[in-house]
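**Student:** This structure is in structure tokens; I'll ask about it shortly.
The values are calculated or read from the model by the stated rules, or taken from the named source; none is laboratory data. Predicted, not measured: the structure shown is a model, and the values here were computed from it. Here the Cβ positions follow ideal geometry from the backbone for every residue, glycine too, while neighbour counts run over all protein chains shown. Side chains included, ligands, DNA and RNA excluded: accessible areas come from the protein's heavy atoms. Shrake-Rupley method; radii C 1.70, N 1.55, O 1.52, S 1.80 Å.
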Amino acid sequence: MLTLTGVDVHYGRVQALFGVSLTVQAGEIVTLIGCNGAGKTTLLRTISGLLSPSAGEVRFEGERIDGLRADRVVRRGIAHCPEGRRIFGQLTVRENLEMGAYVERRRDRVQARLERVYGLFPRLAEREGQPGGTLSGGEQQMLAIGRALMGGPRLLLLDEPSLGIAPILVQEIFAEIRRVNAELGTTILLVEQNAHLALGLAARGYVLETGRVVLEDECRCLREDPQVREAYLG
Amino acid sequence: MGGGAPLLAIALGPEGYWWANLLVLVSVYSLLGLSLNLINGYGRMFSLGHHGFWALGAYGAGWLTVALAGTLPGPLVFVLSCLFAMGVAAAGGLVIGLPCLRLRGDYLAIATLGFGEIVRIAIQNSPRELLGGAEGLTVPRVLMEVGPETRAAYRLLFVGLGLVLVVLVAAAIRNYVRSARGRAMLATAQDEVAAGLLGIDPTRSKVAAFLMGSTLAGLAGAVYAHYQGNITPLEFGFMEMVKIFLIVVLGGLGSISGCVLAAFVLLFVEQWLGRLPDSVGWVKEWWQVEYALVLVLLMIFRPRGLLGPRELTDVWRAWRGRRAAAPGRGGGAP
């Protein structure tokens, strides 16, 4: 479904990614783990079109999407739920969700997706009319995921959904991510610092270190890998 | 109308005359405030070039009216000149908007401020046959003859016209803000990256806000030019920009009704100051300082405007709600 081959990304003159290759099959949950500054977010931003690679290519369902602007990539069926959530604080929960379906012109589909998101996250339905900025961190994360789902994506890019959220809510959110994958059939590429959680959820994983893929395997193998245990699972 | 006009003037009286003038100016400044609100309030782009778009509209309308007067029916000339004014201002908005919207905050403010001044100075130094230069441009009265007897009727005509335009524009802005594209504009203003990730083209959204704002300023210019009958470049100076900005801030960034109310308050005070006796003339002479002071105080104490993004109806409802919740007969709230 998604293939990256030999992707280099530069910020100005500083190179952040070095020949990254990665594949995600339809229906999978794939995770990308690594330390701060390893290039995880950069990789997601490259896929969603916020950055463009200086070398290599990104293909989605066979077609090249590198160099497309972010608002074009969304229309291909990739939703990026960005780091730090970035919800619209002054719009209500419902308005935030409706913005997520901006590319969808059919009212009935928007309505159906809205109900589905409320089904996944009943808390959002309760807070429908509240400004997004007044939600707690965990609720904002739910809203961000819900908003990304409103576009009806086939591939969902999740950037650090556990960041700054109470542990109890993290469990809930990860359970919902699993449901999104199982029930909606949405393919998920998950970036996560919390390797325990990520390797527990995903089927396959990539380990990124200073802009390079250093390991790639099924998650149950990665969990046993001595290097991974040492560096990420403590 | 001819026979009734002198009667109208008598019925209006000097007081009514003063009020009619005030209301026309209020509607012109309301249009300016509402249009700047699109850019600065909803769009959160800090533009200081609105007097430039206003001038483009006024001079655009004036120029076309001079060119067409007498060849076509008056009302048609009026409508055409309004459309032309909007077109000219929109073109100005596009010219300044496309390169400048890459700039942020202070830089955008400086660039747009430069634009406003360029427009004024260019008009001031234009050939006299074209735009009247520094002496000003006389705009032929195309809607009706204006003599001593019909001046009152002319003012009343513009009171009605201005009122209709303000209501129409306010309704249009309200609808736009609630539409998908309008929401996209609000979302872009809050977080450009997030908006882009949802499929909104942030540049397009910003340019749209800027274009609509400048177009409506052009309309305000056309109405102003036709009402005054004579316009000079000096009327479109930077202090006018300060005034428009003050209206937007007073009324609340992103509040439609607040904007109209603020235009009324500001112009009422200004016109009323004009009638003060000379003994307190200093109040009038120091108006630039006073406006600046009000603006500074507002920015310190109410940075989002007196009302904020709320509408008057919201404030009214909140106030009623508080009163209803307040203890009625000495009992505490539940």
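**Student:** For residue A:28, list long-range residues whose amide hydrogen, built 1.01 Å from N in the peptide plane, is under 5 Å from its own amide hydrogen.
**Tutor:** Excluding prolines and chain starts, which carry no amide H, the hits are A:188.
**Student:** Another one. Considering every residue in A:68-76, what mean count of other chain Cβ atoms within 10 Å of its Cβ is obtained? Working shown, then result.
**Tutor:** Working: counts 0, 4, 10, 11, 3, 3, 5, 1, 0.
Mean number of neighbouring Cβ atoms from other chains: 4.
**Student:** Counting only other chains, what is the mean number of Cβ atoms within 10 angstrom of the Cβ of each residue in peptide A:43-56? Each step should come with its number before you reach the end.
**Tutor:** On the way: counts 0, 0, 2, 0, 0, 2, 2, 3, 0, 0, 0, 0, 0, 0.
Counting Cβ atoms of other protein chains within 10 Å of each residue's Cβ and averaging gives 1.
**Student:** Just the accessible area per residue of the protein assembly as shown, please: how many Å² with a 1.4 Å probe?
**Tutor:** Accessible surface, normalised per residue, equals 45 Å².
**Student:** How high is the FRET efficiency between residue B:118 and residue A:112 when r is their beta carbon distance and R₀ equals 45 Å, given to the nearest 0.05?
**Tutor:** Numbers: r = 52 Å, r/R0 = 1.16.
Using R0 = 45 Å, I get an efficiency of 0.30.
**Student:** How do the peptides B:258-265, A:169-176 rank, highest first, by the average count of neighbouring beta carbon atoms within 10 Å per residue? Kindly include the intermediate steps, with their values, before the conclusion.
**Tutor:** Details: B:258-265: 24.2, A:169-176: 16.9.
By packing density, highest mean first, the sequence is B:258-265, A:169-176.
**Student:** Counting only protein heavy atoms and a 1.4 Å probe, tell me what percentage of segment A:152-203's accessible area is made up of carbon and sulfur.
**Tutor:** On the way: 1050 of 1920 Å².
Percent of accessible area from carbon and sulfur atoms in segment A:152-203: 55.
**Student:** Which whole-number value in Å³ per residue fits the convex hull of the alpha carbons of the protein assembly as shown? Provide the component values of the computation, followed by the final result.
**Tutor:** Working: hull volume 124.3 nm³, N = 568.
That works out to 219 Å³ per residue.
**Student:** Apply the Karplus parameterisation 6.51 cos²θ - 1.76 cosθ + 1.60, with θ equal to phi minus 60°, to every residue of segment B:310-322 and state each ³J(HN,Hα) to the nearest whole Hz, in sequence, with x for glycine and proline.
**Tutor:** Residue by residue, segment B:310-322 yields 6, 8, 4, 5, 5, 4, 4, 5, 5, 5, 5, x, 5 Hz.
**Student:** Something else: Express the relative contact order of chain A as a whole percentage, based on alpha carbon pairs under 8 Å and six or more residues apart in sequence.
**Tutor:** Details: 447 pairs, mean separation 62.9, N = 234.
With pairs under 8 Å counted, the relative contact order is 27 percent.
**Student:** While we're looking at this one, here's another question. With equal scatterers on the alpha carbons only and no solvent term, can you work out the Debye log10 of I(q)/I(0) for segment B:4-235 at 0.11, 0.14 1/Å?
**Tutor:** Here the Debye-derived log intensity ratios amount to -0.59, -0.88.
**Student:** P(r) for chain A, please, calculated from all Cα pair distances in 5 Å bins and given in %.
**Tutor:** Distribution as computed: 1, 7, 15, 19, 20, 17, 12, 7, 3, 0, 0 percent.
**Student:** So what's the back-of-envelope 222 nm ellipticity for chain B, counting only DSSP H runs of four-plus at -39500 (n - 2.57) apiece and dividing by all residues, rounded to 500? Mind dumping the intermediate values first?
**Tutor:** Values: 14 runs with 240 residues, N = 334.
Rounded to the nearest 500, it is -24000 deg cm²/dmol.
**Student:** Just how far, in whole angstrom, is segment B:207-275 from segment B:95-164 if you go by their alpha carbon centroids?
**Tutor:** First find each Cα centre; the distance between them is then 11 Å.
**Student:** Could you report the buried accessible area between A and B, both sides summed, computed with a 1.4 Å probe and given in Å² to the nearest 100? Mind showing how you got there, number by number?
**Tutor:** Working: alone 10830 and 16630 Å², together 25610 Å².
Rounded to the nearest hundred, the buried surface is 1900 Å².
**Student:** Sort A:145-154, A:195-204, B:73-82 by the packing proxy (mean of other Cβ within 10 Å over each peptide's residues), most packed first.
**Tutor:** Values: A:145-154: 23.4, A:195-204: 19.9, B:73-82: 17.3.
Peptide ranking by packing, descending: A:145-154, A:195-204, B:73-82.
**Student:** While we're looking at this one, here's another question. Taking the alpha-carbon distance from residue B:243 and a cut-off under 18 Å, which lysines remain once sequence neighbours fewer than 8 residues away in the same chain are dropped?
**Tutor:** Within the straight-line limit of under 18 Å, residue B:243 reaches these lysines: B:284.
**Student:** Carbon and sulfur atoms: what percent of the 1.4 Å accessible area of chain B do they account for? Show your work: numbers first, answer last.
**Tutor:** Numbers: 10630 of 15660 Å².
Of all accessible area on chain B, carbon and sulfur atoms account for 68 percent.
**Student:** Which whole number gives the average, over all residues in B:179-190, of C-beta atoms from other chains lying within 10 Å of the residue C-beta?
**Tutor:** Details: counts 0, 7, 1, 0, 7, 2, 0, 5, 10, 1, 2, 9.
Going residue by residue through B:179-190 and averaging, the value is 4.
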